[in-house]
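The values are calculated or read from the model by the stated rules, or taken from the named source; none is laboratory data. Everything numeric here is computed off the predicted structure, so don't read it as measured data. Here the Cβ positions follow ideal geometry from the backbone for every residue, glycine too, while neighbour counts run over all protein chains shown. The protein model used for the area step is the full one, side chains on, heavy atoms only, and it has no ligands, DNA or RNA in it. Shrake-Rupley method; radii C 1.70, N 1.55, O 1.52, S 1.80 Å.
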Amino acid sequence: MAGSKSKLGKTFAWVLMTFVIIGLGGFGAVNFSSSDNAVASVGETEISSREYSRALSNELGRFSAQLGQDITFEQAQAFGITSNVLSQLITAKSLEDEAKRIGISVNDKVIITNLNKTPAFQSIDGKFDKETYTFVLENAGMTPSVYESAVRAETSRMILQSGITEGVMIPDNYLEVMTKYLFQTRDFELVSLTWNDLDEPYPEPSDEEIKAYHKENSAQYMRPETKMISYVILTPEMLSKGIEIDKGLLEEVYAERISEFNQEEKRRSERLVFLTMKEAEEALGSINSKNTSFTNLLNDRGLSSNEIDIGYKTKNELGEAGKGLFAAKISEVTGPFDTDLGPSLFRLVDIQEAKTTTFDAVKEDLSNELALSEAVKEISNLSQQFDDLLASGASLEELALETPLEFKTIAYFPGAVDSEITQYEGFIDAATTVSTKNFPEIITLSDGSVLALRLDETLKPALKPLDEVYQSVLDNWVSSKKNELLRNQAELYVSNGNIKSMSSDKFEGISRDDFSDETPPALLATVFEMNRGEYKIENLDDTIAIVRLVEIEDGISDKPEEAELLKSLKMQIKSTLSQDLFRIMVSEIQKSRGIAVDESAINAVHVNFQ
């Protein structure tokens, strides 16, 4: 047990230090006051504002690196980053609280062993160095007691988690059934009949047959309950056509957004931080002499490329490293350079060329953009006037005559997509709930448009008139008649034995997922339900397939690739069950212990990122 704790402690101590250092380096340190109020808690275990800040900073840095550019905090909130970070911390604290409740703990000996084995705390001779330990923690904004408590809590909750997830066993008989299902194959013969194989005149229905088919298959030709709706609408596009933007304003906006149109050349790189310049120089020497590689240095620290990716930076933003990186080639390692985190080596990942867009090239787009923006503002100002007119008794038709609003009608039913207005969720919501008792009122849509609608009539579900759907009825009747004649012929071939002398396509060793144009999913589903020697007739579009099952081969797993697939399946099932058990356990802990979230404390943290 002690060995297990040591291994877990070592792993998560290093992970935690990586989290802290990269979190601060990737997005930029965030200053906080001395207050460290809890932003949330599970049971008696709290999430401090500092913990939430570090986790949020780390995730923002990781996400920005993936995008290749820094994101604003408002974008982060829109992407759900803040809520995801809080959710992850609550899950971790749920385990920590439960570990404390049931008495799972890690003794001081394990913590000391972990500290001695953590590379970030070792001096050049590979031994634990107290000054280095204190220095690293201070740079990360932590004290030894806070760090050791975090390692102890992290190790305890991982012991709890592994006790749940690692104990999952898959019964052998379950795997045997799955093996048989996965690897079983079929040998079968298939005879295909098409309309050209029959000596029959092209089917032509009488008027009575068409009418009968229309009535008997009425479900195919029903008009759903339909609301006849009148509405008036004004969109920014409609209003913007009459708005002219002054050239001076366009030039002013262009100048304000010059960084968007004229982007400097940038470099995307990875930064590996060292404690001393000597260590960084020795590492670069080992790389240049082929004794190691930049990737090996990352692996030695348990880091991934994503964790040290600093995204796209201009030459000035890179500071001392700018000149070297702008002269480097892709994948070249350069440095060491002094940075705010200490001496660092950089590996060049990508080059983003400078981009220059002239005023004339964007003038029209800017004009349209500003006109739309002005139109949204004008519509917002006009909407109250529209509402007042409706309140005074003006009809939609009168409103369309007296204002820029346009009058339109629609036959609306759920799922209708043949009109631009049905692309608005606001319209769909209003049309779904409107009744003849409702008076029209102005509704603001997602893009700044406004509308008002009125229900004129509700048409009950009804069979569409034959003349409205005649061509569809005719095509369906002909197709149905052809299939009927083909199936009759196929049944005759099977019953009189002629099928045995007919030319057939032979398929051998076909598995359940051997889909192709000749063996579509529907056909294989039928084949795997058949008995040896059995015939079945299947419709395949305009073709009738006569299938005879020849042989059933039981599933085996003695082939290397099949054994590997079975092994992978076992791991996948185990992983799925483990995740389900973990989610159930966390859910039950949170229900029994309770979750409290302090929105004001969370907002106080968010202020430092804005």
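Here are the numbers for the structure shown:
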{"quantity": "Between the range 357-397 and the range 547-610, the alpha-carbon center distance in angstrom", "calculated": "49 Å"}
{"quantity": "Where only alpha carbons of the range 427-543 are counted, the Rg and the Dmax (Å)", "calculated": "26.5, 75"}
{"quantity": "For the range 359-482: relative contact order, % (alpha-carbon pairs under 8 angstrom, 6 or more apart)", "calculated": "20 percent"}
{"quantity": "Heavy atoms of Asp475: accessible area, 1.4 Å probe, square angstrom to 10", "calculated": "80 Å²"}
{"quantity": "Accessible-area order (highest first, 1.4 angstrom probe) of the listed residues Val550, Val450", "calculated": "Val550, Val450"}
{"quantity": "Rounded to the nearest 10 Å², the accessible area of Arg62 at probe 1.4 Å", "calculated": "80 Å²"}
{"quantity": "Net charge dipole size for the range 319-445 [Lys, Arg +1 and Asp, Glu -1 on Cβ; Debye, nearest 20]", "calculated": "520 debye"}
{"quantity": "Arg532/Leu565 FRET efficiency (R0 30 Å; Cβ-Cβ; nearest 0.05)", "calculated": "0.70"}
{"quantity": "Accessible area, probe 1.4 Å, largest first, for residues Lys93, Lys241, Lys278, Lys570", "calculated": "Lys241, Lys278, Lys570, Lys93"}
{"quantity": "Distance histogram in 10 Å bins (all Cα pairs of the chain, percent per bin)", "calculated": "3, 10, 13, 14, 16, 18, 16, 9, 3, 0"}
{"quantity": "For the range 123-192 versus the range 463-521, the gap between their alpha-carbon centres in whole angstrom", "calculated": "52 Å"}
{"quantity": "Modelled FRET efficiency - R0 22 Å, Asn84 with Thr143, Cβ distances, 0.05 increments", "calculated": "0.20"}
{"quantity": "Relative packing of 303-309, 463-469, which averages over residues the other C-beta atoms within 10 Å, highest first", "calculated": "303-309, 463-469"}
{"quantity": "Dipole axis of the chain (+1 Lys, Arg; -1 Asp, Glu on Cβ), positive-most option in Ser380, Leu581, Ile243", "calculated": "Leu581"}
{"quantity": "Flagged links, alpha-carbon separation over 27 Å, of Lys536/Lys567; Lys215/Lys481; Lys460/Lys482; Lys408/Lys437; Lys241/Lys408", "calculated": "Lys536/Lys567; Lys460/Lys482"}
{"quantity": "Length added when fully stretched, Lys117-Asn173, from 0.36 nm per residue minus Cα-Cα", "calculated": "15.8 nm"}
{"quantity": "Members of Lys313/Lys377; Lys290/Lys329; Lys247/Lys377; Lys100/Lys570 lying beyond 26 Å, as alpha-carbon distances in this model show", "calculated": "Lys313/Lys377; Lys100/Lys570"}
{"quantity": "Computed over the chain: relative contact order in percent, which uses C-alpha pairs under 8 Å that are six or more apart", "calculated": "25 percent"}
{"quantity": "Reach of Lys93 by Cα under 19 Å, taken over aspartates and glutamates that are not fewer than 8 positions away in the same chain", "calculated": "Asp36, Glu44, Glu46, Glu51, Glu59, Glu148, Glu154, Asp580, Glu588, Asp598, Glu599"}
{"quantity": "Global geometry of the range 74-119, whether rounded, prolate or oblate, following the gyration tensor of its Cα atoms and the 1.5 cut on a/c", "calculated": "oblate"}
{"quantity": "Per residue value of the accessible surface for the chain (all protein chains in place, 1.4 Å probe), Å²", "calculated": "57 Å²"}
{"quantity": "In the range 325-386, the trypsin sites (Lys or Arg not before Pro) that fall in loop regions by DSSP, at most 11 other Cβ within 10 Å", "calculated": "Lys329"}
{"quantity": "³J(HN,Hα) computed for each position of the range 120-129 - Karplus, 6.51 cos²θ - 1.76 cosθ + 1.60, integer Hz, glycine/proline x", "calculated": "5, 9, 9, 7, 4, 7, x, 10, 4, 10"}
{"quantity": "Residue-span extension gain [Met238 to Glu364] - 0.36 nm each, minus C-alpha spacing", "calculated": "43.6 nm"}
{"quantity": "Dipole of the chain, positive direction: furthest Cα of Ile159, Phe326, Ser395, with charges on the beta-carbon", "calculated": "Ile159"}
{"quantity": "Percent RCO, i.e. relative contact order, over the range 490-560, from Cα pairs under 8 Å lying at least 6 residues apart", "calculated": "25 percent"}
{"quantity": "16 Å Cα-Cα reach of Lys355 towards aspartates and glutamates, excluding residues that sit fewer than 8 places from it in its own chain", "calculated": "Glu260, Glu264, Glu265"}
{"quantity": "Heavy-atom accessible surface of the chain: percent carbon and sulfur, 1.4 Å", "calculated": "49 percent"}
